[in-house]
Amino acid sequence: MSINTSSIHGRDHGETWDVAALPDVMIEPLVRATLLEDLGRAGDLTTNAIVPASHRGRTALVARQPGVVAGMDLARVAFHLIDPAIRMEVRKPDGARIKPGDVIAMVEGNSRATLTAERTALNFLCHMSGIASSTASIVDAIGDARARIVCTRKTMPGMRIVQKYAVRVGGGSNHRFGLDDAVLIKDNHVAIAGGVAQAVRRARAGVGHLVKIELEVDTLQQLDEALELRVDAILLDNMSVETMAEAVRRVDGRAITEASGRITPQTAPDVARTGVDLISIGWLTHSVGVLDIGLDHEPS
């Protein structure tokens with residue numbers, strides 16, 4: 001079964017989405033590369049040997065765990081790249097809350113093509129749904145607090161755009177996408193520059209007027225220096241809840257405050273109550289578990 005290189009399809013009519021889906025032109029190269037990695041030099045040996053070339057069938061994408069769906073477009077592109085004639089009827093779009101046994105989508109078409117694309121489709125869907133579900137758990141935990149949950153640059157190589165999309169699906173927000181988005185001055189920058197003031201001055205001299213500057217601090221003394229330098233945002237790194245609350249009081253709205261450092265669903269509510277604007281969590285993308293979703297063949 002060969003990949004159809006001209007197949008770039010829009011989503012099916014009638015689907016609803018809680019956030020803007022990623023355009024196919026952005027995700028198709030990633031899905032294509034993943035399929036090629038799986039197909040290798042000879043294609044799907046098992047399926048091609050066992051399943052008749054003309055066999056057609058219906059399969060269901062079924063939730064095995066509760067959570068939040070993300071990655072339906074990548075699953076759809078995986079099936080369509082193998083065979084554009086495959087039809088995928090989405091029943092639980094990205095952002096939908098699901099429970100075990102829920103049918104997320106029905107896939108109908110050539111059985112060889114469906115089984116060949118299955119693992120790529122599920123790898124994206126399970127991974128992204130795991131991110132969305134974990135993000136939602138943190139968002140739910142902090143309730144009505146003003147803080148927004150944001151991800152970081154601690155993403156899997158090549159997967160940043162889809163991982164950050166999954167965070168948005170789960171109700172979170174995105175931090176910078178790359179080193180070229182904004183200035184984030186951390187301890188190593190300060191050490192090499194010879195101090196906080198020197199680092200901020202060099203940053204201001206080296207970037208345009210539209211670029212935001214954020215400074216990482218881990219003590220209240222550093223915070224006071226940051227406020228004198230009038231940076232746009234302050235990263236409160238690994239502070240206790242009590243110290244963080246005092247830091248937010250001192251900032252008093254003069255800069256965006258961001259909490260960071262080993263934040264979990266259990267500790268997030270206390271962090272949010274300090275009044276910080278953002279809570280950044282690296283594990284949402286670098287070590288989150290997958291959400292178990294399976295593809296079940298329906299007997300004829």
Q: Just report the Cα centroid separation between the stretch 112-173 and the stretch 183-204, whole Å.
A: 32
Q) So which residue, out of Val217, Val290, Val51, gets the largest mean-square fluctuation from a GNM of the chain using Cα contacts under 10 Å as springs? A) Val51
Q. What percentage of the solvent-accessible surface of the stretch 61-103, computed with a 1.4 Å probe over protein heavy atoms, is contributed by carbon and sulfur atoms?
A. 49
Q.
Only Cα pairs within less than 10 Å get springs; with that Gaussian network setup on the chain, which residue of Asp144, Asp277, Asp102 has the largest fluctuation?
A. Asp144
Q.
Over the chain, with a Gaussian network built from C-alpha contacts below 10 Å, which listed residue (Asn123, Asn188, Asn238) shows the highest mean-square fluctuation?
A. Asn188
Q: Assign unit charges at the C-beta atoms only (+1 for Lys and Arg, -1 for Asp and Glu), then state the dipole size of the chain relative to its Cα centre in Debye, rounded to the nearest 20.
A: 300
Q: Rank-order 198-206, 40-48 by packing density, defined as the average count of other C-beta atoms within 10 Å over each peptide's residues, highest first.
A: 198-206, 40-48
Q.
Between the stretch 244-265 and the stretch 56-103, how far is it from one alpha carbon centroid to the other, in angstrom?
A. 39
Q | Relative contact order computed over the stretch 170-282 (Cα-Cα under 8 Å; 6+ residues apart), in percent | A | 20
(Q) Report for the stretch 82-234 the percent antiparallel among DSSP-assigned beta bridges with both residues inside it, nearest 5. (A) 40
**Q.** Read-out percent of Cα pairs over 37 Å apart, derived from the coordinates shown; its label in [x] 15; [y] 9; [z] 28
**A.** [z]
Q) How much accessible area per residue does the chain have, in Å², with a 1.4 Å probe? A) 49
Q: Tell me the label-point distance for the pair Asp144, Gln198, using the 7 Å Cα-to-Cβ offset, in nm and rounded to one decimal.
A: 4.9
Q) Which ³J(HN,Hα) values, rounded to whole Hz and listed in residue order, are derived for the stretch 163-174 from phi using the Karplus coefficients 6.51, -1.76 and 1.60 in 6.51 cos²θ - 1.76 cosθ + 1.60 with θ = phi - 60°, glycine and proline given as x? A) 5, 5, 4, 4, 4, 5, 4, x, x, x, 10, 9
Q. Rounded to the nearest 5, what is the percent of antiparallel bridges among the DSSP beta bridges in the chain?
A. 50
Q: Show me 169-179, 112-122 ranked by packing, highest mean number of other Cβ atoms within 10 Å first.
A: 112-122, 169-179
**Q.** Within the stretch 217-275, trypsin sites (Lys or Arg not before Pro) in DSSP loop having at most 13 other beta-carbon neighbours inside 10 Å
**A.** Arg230, Arg254, Arg262
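The values are calculated or read from the model by the stated rules, or taken from the named source; none is laboratory data. Bear in mind the structure is a predicted one, so any value in this text is a computation, not a measurement. So basically every Cβ, Gly included, is an ideal-geometry build from the backbone, and we count neighbours across all protein chains shown. Just the protein is used for accessible areas: all its heavy atoms, side chains included, with ligands, DNA and RNA removed. Shrake-Rupley method; radii C 1.70, N 1.55, O 1.52, S 1.80 Å.
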